[in-house]
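Asks: Handing you a structure now.
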Amino acid sequence: MDKERRLFISRMSVIAGMAAFSKPIASAASISKGINTLYSTGRDVTIYHTNDLHGNLDPIIGNMGGFNQVKTLLKKKDANGLLLDAGDFLNSKHTLAMQRQVISAMNNMGYHAVAIGDHELAIGQDHLAALIPLMRFTLVNCNYDFDGILGKLVTPYVIINSGKYRIGVTGVGHQINGIKYNDPIKSADAIASLLKEKEKCDLVVCLSHLGYSNPDGQPDNRSLARESEQIDMIISGHGRSLFGDPVIITNKLKQEVIISHTAWDGLMMGKTIFSFGSSRQKSNIKANYLIPGQPYGQKFAASFSKLQSMEKQLISA
């Protein structure tokens with residue numbers, strides 16, 4: 001039986017695993033339009049993350065959801081860490097002007113790396129390629145073979161330095177008609193091994209647009225966690241599901257992988273803190289979800305209960 005359990009809000013979980021120490025290594029994947037060095041001290045790496053924002057700048061219902069509410073919450077928390085997204089940040093039905101506004105908002109918010117979802121590809125590879133020069137963040141994917149210029153603009157991984165720690169970020173997506181597709185689990189784990197063994201990363205994050213749970217044996221984020229060896233965290237996208245807390249699954253090496261899926265349309269934002277010991281060994285993880293647009297200081301349980309009571313209405317919004 002697969003080992004799977006919930007990581008309760010603000011619970012500390014000991015994670016096994018040793019990452020090698022090395023001096024920073026320059027690599028092509030560590031060079032992007034964005035700044036990939038965070039000036040951080042101490043032994044923590046903080047990751048903020050979103051998924052399936054669908055190009056919504058404003059709240060989708062009431063005062064909840066949307067890029068602007070996420071930005072406000074980040075500002076209130078004086079966020080200092082990586083900001084990542086697991087795909088579908090654009091809406092394929094929006095105009096070019098609206099898509100440009102979304103990219104501008106993400107630039108201003110300070111996103112570092114973003115996965116590619118079906119919404120980004122639904123507008124065509126050439127269209128997405130034309131938008132990339134506007135982005136100050138890096139698009140990552142390691143299991144699609146893109147045609148033409150897009151293949152040169154999307155990177156299989158990016159390395160971000162947070163203080164003395166090196167964080168490798170890769171991305172995968174589900175099968176889409178017209179896109180050359182490779183096995184996402186094998187692709188992601190191969191990149192993760194490269195990041196740990198060659199690039200000497202202390203932490204590997206996979207931005208996965210596979211979906212949390214798929215039928216008929218299709219690859220999903222649970223199977224990605226179970227069958228991986230070097231991935232530490234999966235930021236999950238694709239699908240409209242409400243989770244009250246992240247999930248921990250044991251990988252092939254009996255180490256723990258955290259899967260974090262934060263609703264959709266900016267209704268939630270995740271915050272995960274990895275702590276390291278003096279030997280650069282991962283020691284603790286603290287993860288919780290935040291709900292933009294709710295009164296600042298309100299307990300998560302009350303805000304999450306409100307979302308649950310409105311779930312059907314939110315899905316149809």
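The values are calculated or read from the model by the stated rules, or taken from the named source; none is laboratory data. Note that the structure is a prediction, hence the values are computed from the model and not measured. Don't worry about glycine lacking a Cβ; one is built from the backbone with ideal geometry, like all the others, and counts go over all protein chains shown. Protein only, heavy atoms only, side chains kept; ligands, DNA and RNA dropped before computing areas. Shrake-Rupley method; radii C 1.70, N 1.55, O 1.52, S 1.80 Å.
Asks: Taking region 80-92, which residues are open to solvent by 60 Å² or more (accessible area, probe 1.4 Å) and modelled with pLDDT of 95 or more? Even if it seems obvious, please write down each step before you answer.
Replies: Pass one, region 80-92, residues open to solvent by 60 Å² or more (accessible area, probe 1.4 Å): 80.
Scanning region 80-92 gives no hits.
Asks: Scan region 283-305 for residues that are under 24 Å from Lys164 (Cβ atoms) and either free of Cβ contacts under 8 Å to residues at least 12 places away in the same chain or open to solvent by less than 20 Å² (accessible area, probe 1.4 Å) (or both) and jot them down.
Replies: Passing the criteria: Ile285, Ala287.
Asks: Only one of Arg240, Arg222 is touching a residue at least 60 places away in the same chain (Cβ under 8 Å), in contact with a helix residue (DSSP H, G or I) (Cβ under 7 Å, 6 or more places away or on another chain) and open to solvent by 30 Å² or more (accessible area, probe 1.4 Å); which?
Replies: Of the residues listed, the single one that is touching a residue at least 60 places away in the same chain (Cβ under 8 Å), in contact with a helix residue (DSSP H, G or I) (Cβ under 7 Å, 6 or more places away or on another chain) and open to solvent by 30 Å² or more (accessible area, probe 1.4 Å) is Arg240.
Asks: Within region 299-313, does at least one residue satisfy the condition of being acidic (Asp, Glu) and not in a strand (DSSP E or B)?
Replies: The answer is yes; a qualifying residue exists.
Asks: Every residue in region 195-223 that is touching a Phe, Trp or Tyr at 6+ places or on another chain (Cβ under 7 Å) and under 16 Å from Leu82 (Cβ atoms), please.
Replies: The answer is Leu195, Asp202, Leu203.
Asks: Okay, next question. Test Ser279 against the stated conditions and say whether it is over 30 Å from Gln175 (Cβ atoms), touching a strand residue (DSSP E or B) at 6+ places or on another chain (Cβ under 9 Å), touching a residue at least 12 places away in the same chain (Cβ under 8 Å) and surrounded by fewer than 17 Cβ atoms within 10 Å (Cβ to Cβ).
Replies: Answer is yes for this residue.
Asks: Looking at region 126-185 only, could you name the residues that are free of Cβ contacts under 8 Å to residues at least 60 places away in the same chain, small (Gly, Ala, Ser) and open to solvent by 20 Å² or more (accessible area, probe 1.4 Å)?
Replies: Ala130, Gly148, Gly151, Gly178
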